[in-house]
Amino acid sequence: MTDTLANQGTTFHADWLEGIRVNKSAVERRTATLGGRRAVKKDSQIAFMLKAISCIDLTTLAGDDTPGRVRRLCGKARQPVRRDILDALGVADIRLTTGAVCVYHEMVEEAVAALDGSGVPVAAVSTGFPAGLAPMETRLEEIKRSVAAGAREIDIVVTRAHVLTGNWQALYDEVRAFKDACGPALMKSILATGEHGNLTQVGKASMVAMMAGSDFIKTSTGMEGVNATLPVSLVMIRQIRDFYERTGQKVGYKPAGGIKAAKEAVLYLALIKEELGRDWMEPELFRFGASSLLGDLERQLEYHATGAYSVGYRHPMG
């Protein structure tokens, strides 16, 4: 799922940042009306939910992760929706998997083995996740070891202090070093936007990360007090659009943390379609960082297939 051309990045352009000014009220007005203007119903709703599933980075990042848990999660990634539900919806012929499975470095080899032959890539969180405060040489070595273990995608975290102090050159240099360490692996840069202070900082950090070669920009580790939101998403994807217009290079987007309901996922996809277009509605350029979201999507699909809601435990993650 990572066959799209990698972002080659650019040299650092401080002047690109000077024009980034975000009107918070305007952003909030734009996103507040999204659900009412873009209500998705019936067959289109089913299509959007199936698309959302294909864009999930199915994630387990717990201190008590075990090889068995990771293998079960990988089984769910291979077959995210029960076959009887797909049969009832008339879509049994589609090859539906999640976009990736995301784990800590320690579980990369286990996940790679469990997903062998599925086409589902393994993503590893790296660079001292979630705080990103390990020594630089340690962070770079962690990336290289995860790639060597078979991870095809690396989710890095940036140093928040660079954003908070406006040290954009330092942020560029850091992300560029991470990109070089990733080698052939796709790199997603986690900006931890809930800790940036304001939306203008979010916009500038997004642009710097893309200049430095990020293949995706990602909202959050999922462990901050505030994670993915529609206003933050609008700011980030408009920077993606601006970067594409400047360079011709497409960068992906990954909202992560706090997205648990199918109706929320549909709103994010609608926003992506409006702002970036159809190309960005594929797993090559859009991902959800989530785990519990899949359970609600499967539950809603069962409702469309049977006319009745089932209890949540009928849709376990593994």
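The values are calculated or read from the model by the stated rules, or taken from the named source; none is laboratory data. Since we're looking at a predicted model, the values are computed, not measured. Glycine also receives a Cβ, built like all others from the backbone with ideal geometry; neighbour counts cover every protein chain displayed. Just the protein is used for accessible areas: all its heavy atoms, side chains included, with ligands, DNA and RNA removed. Shrake-Rupley method; radii C 1.70, N 1.55, O 1.52, S 1.80 Å.
Please go through the range 54-85 and pick out each residue that is among the small types (Gly, Ala, Ser) and assigned to a loop (DSSP other than H, G, I, E, B).
Of everything in the range 54-85, those that are among the small types (Gly, Ala, Ser) and assigned to a loop (DSSP other than H, G, I, E, B) turn out to be Ala62, Gly63.
Find the residue count for the range 161-191, including only residues that are among the hydrophobic types (A, V, I, L, M, F, W, C), closer than 25 Å to Asn23 by Cα and without any contact (Cβ under 8 Å) to a residue 60 or more places away in the chain.
Qualifying residue count, the range 161-191: 5.
Output the residues belonging to the range 136-158 that are among the charged types (D, E, K, R) and under 22 Å from Val208 (Cα atoms).
If the condition is that a residue be among the charged types (D, E, K, R) and under 22 Å from Val208 (Cα atoms), then Glu137, Arg139, Glu153, Asp155 are the ones that fit.
Yes/no matrix, rows are residues, columns are (1) in contact with a Cys (Cβ under 9 Å, 6 or more places away or on another chain); (2) over 17 Å from Glu106 (Cβ atoms); (3) open to solvent by 40 Å² or more (accessible area, probe 1.4 Å):
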residue	(1), (2), (3)
Phe129	no, no, no
Glu137	no, yes, yes
Glu142	no, no, yes
Val147	yes, no, no
Ala151	no, no, no
Asp155	yes, no, no
Thr165	no, yes, yes
Leu171	no, yes, no
Lys179	no, yes, no
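Which of the residues that make up the range 86-114 are surrounded by 17 or more Cβ atoms within 10 Å (Cβ to Cβ), in contact with a Gly (Cβ under 9 Å, 6 or more places away or on another chain) and part of a loop (DSSP other than H, G, I, E, B)?
Answer for the range 86-114, where residues must be surrounded by 17 or more Cβ atoms within 10 Å (Cβ to Cβ), in contact with a Gly (Cβ under 9 Å, 6 or more places away or on another chain) and part of a loop (DSSP other than H, G, I, E, B): just Thr97.
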